[in-house]
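Worksheet for the structure shown next.
The values are calculated or read from the model by the stated rules, or taken from the named source; none is laboratory data. Keep in mind it's a predicted model, so treat the numbers as computed, not measured. When we count neighbours, we look across all protein chains shown, and the Cβ atoms used for this are built from the backbone with ideal geometry, even at glycine.
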Amino acid sequence: VIKKERPNTLGFYDASVQSEWQKRRALEQDLRLALQHRELSLVYQPMFCMRSSLCSGFEALLRWNSPTHGPVAPDLFIGLAESIGLMEEVGTWVLREACAEAARWAVPLTVAVNVSPIQIQQGDLASVITETLNTTGLPANRLEIEVTESMLIRNFDRAVDTLQRIKALGVGISIDDFGTGYSSLATLRAFPFNKLKIDRSFVRDLAEESESLAIVNAVLGLGRGLRLPVVVEGVETERQADILRDCGADAIQGYLFGRPSPISAYSNITDPRVTSRRRLAV
Ligand code: C2E
Ligand code: MG
Ligand code: MG
Ligand code: MG
């Protein structure tokens, strides 16, 4: 335990920097044990097809509920897991867990799993996926992986090769957070994507800001031209959903239609006896 007010003997060492660093170390230590201690879990968020207004599948999102730190944000602990060499193990666990879950659904919906650059750059992701599909019995066409493009650049050839092998299995590959970071049209052409997810930052101001609308329309046009269905994430209001329908978005996802929740919250969707509940109420 660190004392709050450390005597600042060196004159430039800030106590708050020290405690930030200590906090990070403590998080790292606990994260190493989180898998064993069953502190990691998955929540699921539905995606809906605009045309049919039916749920088309779920995205699995990782959660860490630590007994000492409470719920830790994925944007924080996934970065930590990557930096301490834990991401392959965690990522493999996520894939197994999500595929085993989807294999139990009575309705053949897809499950989308986010994968880290580390899994593509260092691990043998194509083999991990093959093995996971074999052991869980989930048909390949019910799995999608979501990748952000920022990572693919570092080891371009390896990334292309891995993703091509995954595609050949029949697994879908979505480009996530499109429009942010290192998104470029060149990578879109080089990699075997079959779905495009527009980052939610473009949706936030959709109703108020003409620039966001122009960007969303441009990406939808790009999707049509490349024959890639476009999913729009982060839809929170009816107004946004209306605009996106008018623009011709293929699918939508967001708090308006369902928060990331334990799958039990969506048993009405995964139960074939109540297919009517899969319909969007918009
Ligand atoms: P992402 O894959 O782009 O996931 C979408 C994020 O937006 C999720 O945040 C989700 O909870 C949030 N979201 C969904 N709908 C709305 C909405 O209407 N409004 C707002 N404001 N937010 C919405 P979350 O769960 O905190 O995850 C953050 C990021 O962490 C994910 O972004 C993904 O990049 C990463 N991540 C999550 N789970 C995993 C995983 O299992 N493996 C890897 N490698 N990354 C993961
Ligand atoms: Mg995602
Ligand atoms: Mg995203
Ligand atoms: Mg993201």
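Kindly list, by first and then second residue, each pair from a residue in segment 106-123 that is within 16 Å of ligand 2 (Cβ to nearest atom) to a residue that is assigned to a loop (DSSP other than H, G, I, E, B), limited to pairs with Cβ atoms under 8 Å and residues at least 6 apart or on different chains.
Close Cβ pairs satisfying both conditions: V111/L138; P117/L152; P117/R154; I120/L152.
In segment 195-211, what residues are of a type outside the set (K, R) and within 12 Å of ligand 4 (Cβ to nearest atom)?
Going through segment 195-211, the residues of a type outside the set (K, R) turn out to be 196, 198-199, 201-203, 205-211.
Result: I198, D199, S201.
Quick check: anything in segment 252-261 at pLDDT 95 or above, closer than 24 Å to A140 by Cβ and buried (at least 20 other Cβ atoms within 10 Å of the Cβ)?
yes
Against the conditions (1) of a type in the set (S, T, Y); (2) surrounded by 16 or more Cβ atoms within 10 Å (Cβ to Cβ); (3) within 16 Å of ligand 3 (Cβ to nearest atom), where does S201 fall short? Just the number, please.
Among (1) of a type in the set (S, T, Y); (2) surrounded by 16 or more Cβ atoms within 10 Å (Cβ to Cβ); (3) within 16 Å of ligand 3 (Cβ to nearest atom), the lone unmet condition for S201 is (2).
What is the residue count in segment 132-167 for residues that are at pLDDT below 95, within 16 Å of ligand 4 (Cβ to nearest atom) and among the β-branched types (V, I, T)?
So the count comes out to 2.
Where in segment 36-86 are there strands (runs of 3 or more DSSP E), lying wholly inside it, with at least 1 residues that are small (G, A, S) and loosely packed, with under 15 Cβ neighbours inside 10 Å?
Values: elements: 40-49, 55-66, 70-72.
Result: 40-49, 70-72.
Of all residues in segment 207-231 being among the aliphatic types (A, V, I, L, M) and over 22 Å from the mean Cα position of the chain (by Cα), which is nearest to ligand 1 (Cβ to nearest atom)?
If we take residues in segment 207-231 being among the aliphatic types (A, V, I, L, M) and over 22 Å from the mean Cα position of the chain (by Cα), then A207 is nearest to ligand 1 (Cβ to nearest atom).
State all residues of segment 229-251 that are buried (at least 18 other Cβ atoms within 10 Å of the Cβ) and either part of a helix (DSSP H, G or I) or out of contact with any helix residue (DSSP H, G or I) (no Cβ under 8 Å at 6 or more places or on another chain) (or both); if no residue qualifies, say none.
If the condition is that a residue be buried (at least 18 other Cβ atoms within 10 Å of the Cβ) and either part of a helix (DSSP H, G or I) or out of contact with any helix residue (DSSP H, G or I) (no Cβ under 8 Å at 6 or more places or on another chain) (or both), then V231, Q240, A241, I243, L244, A251 are the ones that fit.
Please indicate, with yes or no, whether at least one residue in segment 234-246 is within 16 Å of ligand 2 (Cβ to nearest atom) and either touching a Lys or Arg at 6+ places or on another chain (Cβ under 7 Å) or on the phi > 0 side of the Ramachandran plot (or both). Reasoning before the result, please.
So in segment 234-246, the residues within 16 Å of ligand 2 (Cβ to nearest atom) come out as 234-235.
Filter again for either touching a Lys or Arg at 6+ places or on another chain (Cβ under 7 Å) or on the phi > 0 side of the Ramachandran plot (or both), leaving 234.
So far as segment 234-246 goes, yes, one or more of its residues are within 16 Å of ligand 2 (Cβ to nearest atom) and either touching a Lys or Arg at 6+ places or on another chain (Cβ under 7 Å) or on the phi > 0 side of the Ramachandran plot (or both).
Out of segment 62-71, which residues are touching a residue at least 40 places away in the same chain (Cβ under 8 Å) and more than 16 Å from ligand 4 (Cβ to nearest atom)?
Once the filter is applied, which keeps residues that are touching a residue at least 40 places away in the same chain (Cβ under 8 Å) and more than 16 Å from ligand 4 (Cβ to nearest atom), segment 62-71 yields T68, H69.
Given the structure, is G221 part of a helix (DSSP H, G or I), over 30 Å from G137 (Cα atoms), of a type in the set (G, A, S) and at pLDDT 95 or above?
It is true that G221 is part of a helix (DSSP H, G or I), over 30 Å from G137 (Cα atoms), of a type in the set (G, A, S) and at pLDDT 95 or above.
Please specify each residue of segment 114-136 satisfying the condition of being in contact with a helix residue (DSSP H, G or I) (Cβ under 6 Å, 6 or more places away or on another chain) and more than 13 Å from L95 (Cα to Cα).
P117, I118, I120, G123
I need the full set of residues from segment 170-194 which are without any contact (Cβ under 8 Å) to a residue 60 or more places away in the chain, small (G, A, S) and away from ligand 4 (no atom under 16 Å from the Cβ), in order please.
Passing the criteria: G170, S184, A186, A190.
For segment 25-35, give me each residue that is under 21 Å from the mean Cα position of the chain (by Cα) and either in a helix (DSSP H, G or I) or not hydrophobic (A, V, I, L, M, F, W, C) (or both).
L31, A34 - these are the residues of segment 25-35 that are under 21 Å from the mean Cα position of the chain (by Cα) and either in a helix (DSSP H, G or I) or not hydrophobic (A, V, I, L, M, F, W, C) (or both).
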